[in-house]
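What follows is a single structure, written as structure tokens, with notes after it.
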Amino acid sequence: MQTITITGGQTLHGTIHPAAAKNSVLPLLAASLLCGGPCCLRGVPALSDVDTSLALLRAVGAPAERRGADLYTRPVTPGSLCGEIPPPLAGAMRSSVFYLAPLLCRAGMVRLPLPGGCRLGPRPVDIHLAGLAAMGARVELEGEAATLRRFGPLQAVDFTLRLPSVGATMTLLMAACCAMGTTVLRGAACEPEVCDLADFLCACGASITGAGTPVLVIQGRRPLGGALHTPLPDRIAAATYAAAVAAAGGRITVQGCAPQYYRAFLDFLECCGVQIETGERDVVIARDPALPLRGGQQLCANAWPAFATDTAPLAAAVLLQADAPSEIYDYLFANRFACAAGFAAMGADCRARGRALYIGGGAALQAARVTAPDLRGGAALAVAALAARGTTLLQDPGHIRRGYADLPGELASLGGLVLAEGNRPVHAAARI
Ligand code: EPZ
């Protein structure tokens, strides 16, 4: 088990450049299965979910490899693809669900054991399945596995998602590219990562309009070639660095991730008294640690463009020290705040009640031994530890590396006293 040690009390300074977004790269890799030409995704960080996706692609018969920072996939004939997703790979990440549509379209069948990922509460796949069934797939559920088959090509539909699921929108977007006729998806998710998938598919030859709005129109069965694509920068990683400097104090520049991708989080930080200067693609975040953070915040996490659910634990980490109580409510996930136990172990007055998190504020945070309960909850504990007195031991049963290639090294590069794996220094404090 990896342990991250974080000694609080250091202010952060320097420049940091978020890598490509996990939540773009993972569906893009799955979508490459639809392509009749080679694809290259540029600047992809070495996340464990990316490694799992490359292994999954190879397991179903699709050549995929990393060369330096770039990922390469090659086209495959339907006959050489296998629709059986190995249970250990499906169980290792939620994003195995992105393989439903491409394997159904290309291999004619797909069997998906229960997808894994963060335990944020129930994460059904009913909308994915309902949309694919409406397009003509036969869906069989057996225990915790879903098997989908098609007999002939999928058919275009006019389909309304019962809620704007990011994953289901991506699944149906991929399926619609292969369906006969023009599909209309209503109630679609509008997250930037959905637009990135649409941009990639259009670069490959698809015809998609309306990405970034709730209504997508897709002309199916246009031949898809390959593409060279630079995925979106990781807006949640950008918010993580911003939260870190808000909690610990200092001044950093987050480069290459336009402020509109995490505007709601930057607005929240400004309300807390953090200084934010925005450029076209860069944001400067500064906080004097001698000045208190303003509490009294009421945040509601919901689908884009609302406050992002993935940034809710990071906001909580900032509010622990604020001068008044705050509350965060998450409309998307029932168990978003499993990190509350770790915050409480650090001395914070912090209680999760269902979807709501109450934060008393005014905490003089103390180092503790804590465990990352999930990806963003783990990052939030690291942020809180930067502001705590003493050395926190953050036990990470593999969660943080699913979404950050080297969070300890990145925080150390900004001057944080952060070490990974048995006190081995990860980075010299290399400030740009
Ligand atoms: C994506 O998950 C992200 N993951 C999540 O990030 C993110 O928190 C989430 O979108 C919301 O922005 C990836 O992109 C890999 P949803 P996804 O389908 O697609 C319900 C991270 O830390 N729902 O929009 O799984 C679902 O239960 C991860 O990077 C159904 O009921 O999210 C949830 O309550 C964590 N039926 C809500 O919709 C369905 O068929 C939103 O889920 C699908 C979803």
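When ALA62, ALA90 are checked against the criterion of being touching a Leu at 6+ places or on another chain (Cβ under 8 Å), more than 16 Å from the ligand (Cβ to nearest atom), in contact (Cβ under 8 Å) with a residue 12 or more places away in the chain and at negative phi, a single residue qualifies: ALA62. Across the stretch 9-32, the qualifying residues are those that are hydrophobic (A, V, I, L, M, F, W, C), closer than 27 Å to ASP199 by Cβ and over 15 Å from the mean Cα position of the chain (by Cα), and the one among them that is farthest from the ligand (Cβ to nearest atom) is ILE16.
Taking the criterion of being over 19 Å from THR311 (Cβ atoms) and not acidic (Asp, Glu), the only residue of the stretch 263-280 that qualifies is GLY279. Screening ASP282 on (1) within 18 Å of ALA384 (Cβ to Cβ); (2) surrounded by fewer than 20 Cβ atoms within 10 Å (Cβ to Cβ); (3) acidic (Asp, Glu) shows it passes everything except condition (1).
Of all residues in the stretch 353-389, exactly one satisfies the criterion of being in a strand (DSSP E or B) and at pLDDT below 95, namely ARG353. Contact annotation: residue pairs with Cβ atoms under 9 Å, 6 or more positions apart or on different chains, pairing a residue in the stretch 164-186 that is under 14 Å from LEU104 (Cβ atoms) with a partner that is part of a strand (DSSP E or B) and within 16 Å of the ligand (Cβ to nearest atom), are LEU172/PHE159; LEU172/LEU185; LEU172/LEU216; LEU173/LEU185; LEU173/LEU216; ALA176/PHE159; ALA176/LEU185; ALA176/LEU216. Of the set (1) touching a residue at least 24 places away in the same chain (Cβ under 8 Å); (2) small (Gly, Ala, Ser); (3) surrounded by fewer than 23 Cβ atoms within 10 Å (Cβ to Cβ), all apply to ALA344 but (1).
One residue stands out in the stretch 298-311 among those that are near the ligand (Cβ under 9 Å from one of its atoms) and part of a helix (DSSP H, G or I): the one that is surrounded by the most Cβ atoms within 10 Å (Cβ to Cβ), namely ASP310. Does ALA130 satisfy the criteria of being of a type in the set (Gly, Ala, Ser) and surrounded by fewer than 20 Cβ atoms within 10 Å (Cβ to Cβ)? So ALA130 fits the description; yes. Does the stretch 65-76 contain any residue that is touching a residue at least 60 places away in the same chain (Cβ under 8 Å) and under 17 Å from the mean Cα position of the chain (by Cα)? Among the residues of the stretch 65-76, not one is touching a residue at least 60 places away in the same chain (Cβ under 8 Å) and under 17 Å from the mean Cα position of the chain (by Cα), which makes the answer no. ASP323 fulfils the conditions (1) in a loop (DSSP other than H, G, I, E, B); (2) closer than 27 Å to GLY212 by Cα; (3) not aromatic (Phe, Trp, Tyr) except for a single criterion, (2). Restricting the first member to the stretch 114-132 and to residues that are under 12 Å from SER95 (Cβ atoms), and the second to residues that are outside any helix (DSSP H, G or I) and more than 6 Å from the ligand (Cβ to nearest atom), the beta-carbon pairs closer than 6 Å and six or more apart or on different chains are GLY116/MET93; GLY117/MET93; CYS118/ASP374.
Taking the stated definitions as given, is ALA356 surrounded by fewer than 17 Cβ atoms within 10 Å (Cβ to Cβ) and more than 15 Å from the ligand (Cβ to nearest atom)? Lay out the reasoning, then the answer.
Values: surrounded by fewer than 17 Cβ atoms within 10 Å (Cβ to Cβ): yes; more than 15 Å from the ligand (Cβ to nearest atom): yes.
Yes, satisfied.
When only residues in the stretch 208-266 that are among the polar types (S, T, N, Q) and either surrounded by 18 or more Cβ atoms within 10 Å (Cβ to Cβ) or at pLDDT below 95 (or both) count, which is farthest from ALA317 (Cα to Cα)? Step by step, filter the stretch 208-266, then rank; the result is THR253.
Out of curiosity, is VAL318 away from the ligand (no atom under 16 Å from the Cβ), buried (at least 21 other Cβ atoms within 10 Å of the Cβ), closer than 26 Å to PRO18 by Cβ and modelled with pLDDT of 95 or more? Considered against the rule, which asks whether it is away from the ligand (no atom under 16 Å from the Cβ), buried (at least 21 other Cβ atoms within 10 Å of the Cβ), closer than 26 Å to PRO18 by Cβ and modelled with pLDDT of 95 or more, VAL318 comes out as yes.
Every condition in (1) in contact with a helix residue (DSSP H, G or I) (Cβ under 7 Å, 6 or more places away or on another chain); (2) outside any loop (DSSP other than H, G, I, E, B) holds for ALA189 except the one numbered (2).
Could you look through the stretch 94-134, keep only residues that are assigned to a loop (DSSP other than H, G, I, E, B) and of a type in the set (Lys, Arg), and pick out the one that is farthest from the ligand (Cβ to nearest atom)?
Within the stretch 94-134, the first condition is being assigned to a loop (DSSP other than H, G, I, E, B), and the residues that meet it are 108, 113-125.
Then drop every residue that is not of a type in the set (Lys, Arg), which leaves 119, 123.
Details: ARG119: 10, ARG123: 4 Å.
Applying the filter and picking the extreme gives ARG119.
The values are calculated or read from the model by the stated rules, or taken from the named source; none is laboratory data. Quick caveat: nothing in here was measured; it's all calculated off a predicted structure. Reconstructed Cβ throughout: ideal geometry from the backbone, glycine too, with neighbour counts over all protein chains shown.
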